[in-house]
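Visitor: Quick one: this structure, given as C-alpha cells, is what I'll be asking you about.
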Amino acid sequence: MKPCLLIDRDGTMGGDYYVKYPQDYYPYEGTREAFRLLREAGFPLMIITNQSCIARGLDGGYDFAAEFRDIGADDWFICPHDTPDHCHCRKPETGLLELARDKHGLDLTKCYMIGDRWTDMVAGGRMGTHLILVKTGRGMESLGCDREKWLPYQADYVAENLLDAAQWLIGVHQAE
C-alpha cells in the first residue's frame with residue numbers, strides 16, 4: 001500500500017499568497033494533474049488545512065467538501081479556528097493529523113505531509129511524517145526567514161510545486 005499523503009491547501013494546491021476568502025482560491029497550474037497522477041498511482045490523498053476564514057465569518061458558506069471531492073481527495077480535515085482561539089487542530093498543532101490518523105488507522109511515520117509553510121512542516125514533523133516542502137505560496141519564506149521555526153525537522157524533498165512533488169513521490173514509490 002502506498003503511503004498516505006497529507007496535503008495543505010492554500011499556498012500548496014493553489015491560491016494567492018494569502019487567501020482571505022475561500023471563494024477566491026484557484027488551483028495552481030499542475031495541481032489537478034498532480035492529484036490525477038497520485039490517484040492513478042494508488043496514493044491515498046487527504047487535505048489538511050487551516051481555514052481561519054470560518055472563525056472570522058469570511059467563508060460565506062463556502063463548500064470546501066465540494067472543492068475537495070472535485071480535485072479527487074479521499075478525505076479532508078479542516079481547522080475552522082483563528083490563531084487567538086488556541087485550539088489543538090490549527091497547524092502547527094497536530095490535531096488535524098491526529099484526526100486523520102485515528103479515523104483511517106494511519107501509521108503517520110509512513111505518511112507524507114506536503115505544504116508550503118513552516119506550520120505544515122512542524123505539524124508533520126511533530127507527528128513523525130515525512131516532509132515535502134513546496135516552493136509555491138510561502139515556500140520560499142519557509143526556506144528563508146522562517147527556516148528557524150522548523151529547524152528540528154528536515155524536508156525529504158523540496159519541490160518546485162505540487163506536480164513536482166507528485167512526480168518525485170511516484171518515482172520513489174514506483175516499486176511498491
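Every number here is computed from the coordinates shown, using simple stated rules; none is lab data. Note that the coordinates shown come from a computational prediction; the quantities given were computed from them, not determined experimentally. Neighbour counts run over all protein chains shown; Cβ positions are idealised from the backbone, glycine included.
Visitor: Of the residues PHE35, PHE77, PHE64, which exhibits the maximal mean-square fluctuation in a Gaussian network model of the chain defined by a 10 Å Cα contact cut-off?
Guide: Most flexible of the set in this elastic network: PHE64.
Visitor: Related question: Convert 37 °C to kelvin, take the viscosity as 0.692 mPa s, use the Kirkwood radius over C-alpha pairs of segment 1-102 as Rh, and evaluate the Stokes-Einstein diffusion coefficient in µm²/s, rounded to a whole number.
Guide: 232 µm²/s
Visitor: Seen from all sides and averaged, what is the projected area of the convex hull of the Cα atoms in segment 23-176, in nm²?
Guide: Average of the hull's projected areas for segment 23-176 equals 9.1 nm².
Visitor: Let me check I've understood the local charge: for GLY72, count other residues with C-beta under 15 angstrom from its C-beta, Lys and Arg +1, Asp and Glu -1. What total comes out?
Guide: Net local charge, GLY72 excluded: 0.
Visitor: Could you list, in their original order, any pairs among LYS2/LYS135; LYS2/LYS110; LYS2/LYS103 whose Cα atoms are separated by more than 20 Å?
Guide: Exceeds cut-off: LYS2/LYS135.
Visitor: In the neighborhood of THR83, defined by Cβ-to-Cβ distances under 12 Å, what is the net charge if each Lys or Arg adds +1 and each Asp or Glu adds -1?
Guide: 0
Visitor: For the chain, what does the helix formula give at 222 nm: sum of -39500 (n - 2.57) over DSSP H segments with n ≥ 4, over the residue count, nearest 500 deg cm²/dmol?
Guide: After summing the helix terms and dividing by residue count, I get -9000 deg cm²/dmol.
Visitor: Then there's this: Local charge sum around ARG56 (other residues, Cβ-Cβ under 15 Å, Lys/Arg +1, Asp/Glu -1)?
Guide: -3
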